[in-house]
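Enquirer: Here it is: the structure, laid out below.
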Amino acid sequence: MTASDPVTPAPLHEPVERFRGCHGTIVGGLQRLRGLPELAEAMRQARATAADTLALFEQQVLPHHGDEEKELFVAVSRSAAEGAEKAAVDDLVARLVAQHRAIEGMWAALRPAVQAVAAGKTHPLPGFEQAVASLVQTYLEHTRLEEMAFLPLADMILRRNPNHMAALDLSLHIRHAPMPRLAYM
């Protein structure tokens, strides 16, 4: 008999056989236990990704939308030539701002579920997977519109007058400069 030969257990009487029956449940549980480290790592990664996503939206996405709307879009609209160019800029800006609001609305609905995952809880939101996929897809489409249509147009318009580009640069610098600490006397 080799180690690979199947073992046929000897028949046992009923009270003793019940002990053998328990082993099946125990062995099955131990087999599942083997996968626990992998599941724990996946849970750690899910928590880290959720925490990173919360920080991404609070520290990057929402401030980025503010920078675009209060600085870039305004500067480009003011610098655009009257007529077709200004109409094209205004149309793109209206579309981009509407997309910002849609993305922010999607994020507001998804945020509690992401917070729950970051805290190590399961996602309580029905349709969580679809909500994540929809937010990602919407943002990627938004990014494509900005990068393919608006930013090249913005660069062309602002580049015509170096003062306009410098004003945008200074405006962004001031917007992000730390506030000076004033002493209280």
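Enquirer: Got a number for residues in the stretch 123-136 being surrounded by 11 or more Cβ atoms within 10 Å (Cβ to Cβ) and either without any contact (Cβ under 8 Å) to a residue 12 or more places away in the chain or among the polar types (S, T, N, Q) (or both)?
Expert: Residues flagged as surrounded by 11 or more Cβ atoms within 10 Å (Cβ to Cβ) and either without any contact (Cβ under 8 Å) to a residue 12 or more places away in the chain or among the polar types (S, T, N, Q) (or both) within the stretch 123-136 amount to 5.
Enquirer: Could you tell me which of the residues V97, V117 is touching a residue at least 12 places away in the same chain (Cβ under 8 Å), closer than 28 Å to A149 by Cα and surrounded by 12 or more Cβ atoms within 10 Å (Cβ to Cβ)?
Expert: Numbers: V117 fails: closer than 28 Å to A149 by Cα.
Going through V97, V117 in turn, just one is touching a residue at least 12 places away in the same chain (Cβ under 8 Å), closer than 28 Å to A149 by Cα and surrounded by 12 or more Cβ atoms within 10 Å (Cβ to Cβ): V97.
Enquirer: Is it true that some residue in the stretch 63-75 is under 30 Å from P124 (Cβ atoms), surrounded by 14 or more Cβ atoms within 10 Å (Cβ to Cβ) and at pLDDT 95 or above?
Expert: yes
Enquirer: Moving on to the next point. Would you please name the residue that is least open to solvent (accessible area, probe 1.4 Å), looking only at residues in the stretch 1-44 that are of a type in the set (S, T, N, Q) and modelled with pLDDT under 80?
Expert: For the stretch 1-44, the residue satisfying everything is T2.
The values are calculated or read from the model by the stated rules, or taken from the named source; none is laboratory data. None of the values given here were measured: they were computed from a predicted structure. Note: ideal-geometry Cβ built from the backbone for every residue, glycine included; neighbour counts use all protein chains shown. Just the protein is used for accessible areas: all its heavy atoms, side chains included, with ligands, DNA and RNA removed. Shrake-Rupley method; radii C 1.70, N 1.55, O 1.52, S 1.80 Å.
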